[in-house]
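Working notes, beginning with the structure itself.
The values are calculated or read from the model by the stated rules, or taken from the named source; none is laboratory data. As the structure is a computational prediction, the values presented were derived from the model and not from experiment. Backbone-built Cβ (ideal geometry, glycine too); neighbour counts: all protein chains shown. The protein model used for the area step is the full one, side chains on, heavy atoms only, and it has no ligands, DNA or RNA in it. Shrake-Rupley method; radii C 1.70, N 1.55, O 1.52, S 1.80 Å.
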Amino acid sequence: MVTIVPADLTDTRVIAFLEEHLRDLEPTAPEESRHALDLTGLQAPGVRVWTAVDEDAVVGTVALAALEEGHEELKSMRSDPARRGQGIGRALLEFALDDARSRGVSTVSLETGSDDFFVAARSMYLRAGFLECGPFGSYRDDPNSVYLTREI
């Protein structure tokens with residue numbers, strides 16, 4: 001059974017899962033167009049991180065990073081490739097949105113890739129009510145990025 005818990009960013013299993021996330025992204029865009037947070041970025045003030053665990057295995061991650069009052073960014077969204085299609089991503093997304101809503105956040109936005117690697121993720125976000133938008137925060141127009149936002 002999958003449960004979602006606050007991430008222990010000192011746990012070697014979590015660190016390995018996050019490092020694999022960064023390796024997965026390497027072939028999808030040039031370095032300047034990859035915006036995933038590394039371990040240090042996930043430990044920054046204003047970032048909340050959770051893991052989906054199944055027994056002792058880390059099967060997913062999600063984070064929220066504060067942008068401005070009432071606006072947060074979804075970060076580090078990843079499901080174990082061997083477990084994709086099992087609803088883990090959707091559960092993580094709903095968990096993060098519920099957390100944001102409970103703290104009075106009104107808008108959640110995200111940046112994802114335009115590469116075919118991200119088709120399933122983009123489809124999930126659109127089904128969850130996210131809409132395409134322009135760059136937000138410190139992002140700029142980039143053909144390798146798709147920007148999405150949702151009022152909650």
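Numbers below:
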{"item": "Under the Karplus curve 6.51 cos²θ - 1.76 cosθ + 1.60, θ = phi - 60°, whole-Hz ³J(HN,Hα) for the range 78-89, x wherever Gly or Pro sits", "result": "7, 10, 3, x, 6, 10, 5, x, 9, x, 5, x"}
{"item": "Rough spin-label spacing in nm, given labels placed 7 Å along Cα→Cβ, for Arg140 and Ser33", "result": "1.5 nm"}
{"item": "The chain, accessible surface, carbon-and-sulfur percent (1.4 angstrom probe)", "result": "51 percent"}
{"item": "Computed lengthening from Asp98 to Met124, 0.36 nm per intervening residue step minus Cα-Cα distance", "result": "7.7 nm"}
{"item": "Antiparallel content of DSSP bridges confined to the range 39-152, in %, to 5", "result": "90 percent"}
{"item": "Heavy-atom accessible area per residue - the range 1-128, 1.4 Å, Å²", "result": "51 Å²"}
{"item": "Spin-label proximity, Glu151 to the range 92-108 - amide N less than 13 Å from point 7 Å beyond Cα toward beta carbon", "result": "106-108"}
{"item": "The chain: relative contact order as a whole-number percent, Cα under 8 Å and 6+ apart", "result": "20 percent"}
{"item": "Modelled label reach - Ala82, point 7 Å along Cα→Cβ, the range 54-70 residues with backbone N closer than 20 Å", "result": "54-62"}
{"item": "Long-range HN-HN contacts of Ala7 with modeled amide H, under 5 Å", "result": "Val49, Trp50, Thr51"}
{"item": "³J(HN,Hα), Karplus 6.51/-1.76/1.60, whole Hz, each residue of the range 108-118, x for Gly, Pro", "result": "10, 10, 8, 10, 9, x, 8, 5, 4, 3, 9"}
{"item": "Hz values of 3J(HN,Hα) by residue in the range 142-152 - Karplus curve (6.51, -1.76, 1.60), Gly and Pro given as x", "result": "8, x, 8, 10, 10, 10, 9, 8, 8, 7, 10"}
